[in-house]
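The values are calculated or read from the model by the stated rules, or taken from the named source; none is laboratory data. Quantities reported herein were computed from a predicted structural model and do not represent experimental measurements. Because the Cβ atoms are built from the backbone with ideal geometry, glycine has one as well, and the counts that use them run over all protein chains shown.
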Amino acid sequence: MARVKEQGDIDVATPTARPPFALPEVAGIRFLATVGEVVEEGQRMGHCIGNYAAAAVAGDCYLFHVDYQGDSASVEVGSDGIVRQAAGPENADNPATRWGKRQLRDWVQQ
């Protein structure tokens with residue numbers, strides 16, 4: 001099995017912790033459900049979300065991929081329900097980062 005050494009040697013198939021409430025059912029927002037998905041997101045987007053894999057497994061945060069109007073972003077929601085950060089490719093701010101933050105804030109407030 002493939003392992004991610006940068007994340008304390010966690011297997012890529014290891015699931016990330018799920019939020020204690022239903023996942024958002026919004027087209028264009030996808031929960032990153034495994035360590036492998038988190039690491040791939042970081043590689044594809046060219047930013048550091050992959051470094052959050054261990055925290056996501058521990059339930060310290062919930063990580064999402066967002067697609068909106070042709071743009072993409074990654075969004076981190078803390079275990080406290082606060083949207084901590086959103087970043088597009090190479091940490092850019094774009095319409096997907098802003099839309100994703102709004103959608104996930106609304107999701108947490110429900």
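Observations on the model:
- Hits in the stretch 72-110 (condition: at pLDDT 95 or above and of a type in the set (A, V, I, L, M)): Ala73, Val75, Val77, Ile82, Val83, Ala86, Ala87, Ala92, Ala96, Leu104
- For the stretch 35-66, the set of residues classified as outside any helix (DSSP H, G or I) and either in contact with an Asp or Glu (Cβ under 7 Å, 6 or more places away or on another chain) or not hydrophobic (A, V, I, L, M, F, W, C) (or both) consists of Gly46, His47, Gly59, Asp60, Cys61, Tyr62, Leu63, His65, listed by residue number.
- Set Ile49, Ile29: member being touching a residue at least 60 places away in the same chain (Cβ under 8 Å), surrounded by 14 or more Cβ atoms within 10 Å (Cβ to Cβ) and either basic (Lys, Arg) or in contact with a Leu (Cβ under 8 Å, 6 or more places away or on another chain) (or both): Ile29
- Which numbered condition Gly42 fails, given (1) within 11 Å of the chain's Cα centre (by Cα); (2) closer than 17 Å to Leu104 by Cα: (2)
- Selection from the stretch 67-85 of residues that are assigned to a strand (DSSP E or B) and polar (S, T, N, Q): Ser72, Ser74, Gln85
- Residue check, Glu41 of a type in the set (D, E, K, R), at pLDDT 95 or above and crowded, with 16+ Cβ neighbours inside 10 Å: yes
Results for (1) β-branched (Val, Ile, Thr); (2) touching a residue at least 60 places away in the same chain (Cβ under 8 Å); (3) buried (at least 20 other Cβ atoms within 10 Å of the Cβ); (4) farther than 17 Å from Leu23 by Cα, shown as yes or no for each residue.
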residue	(1), (2), (3), (4)
Met45	no, no, yes, yes
Asp71	no, no, no, yes
Glu76	no, no, yes, no
Arg102	no, no, no, no
Gln109	no, no, no, no
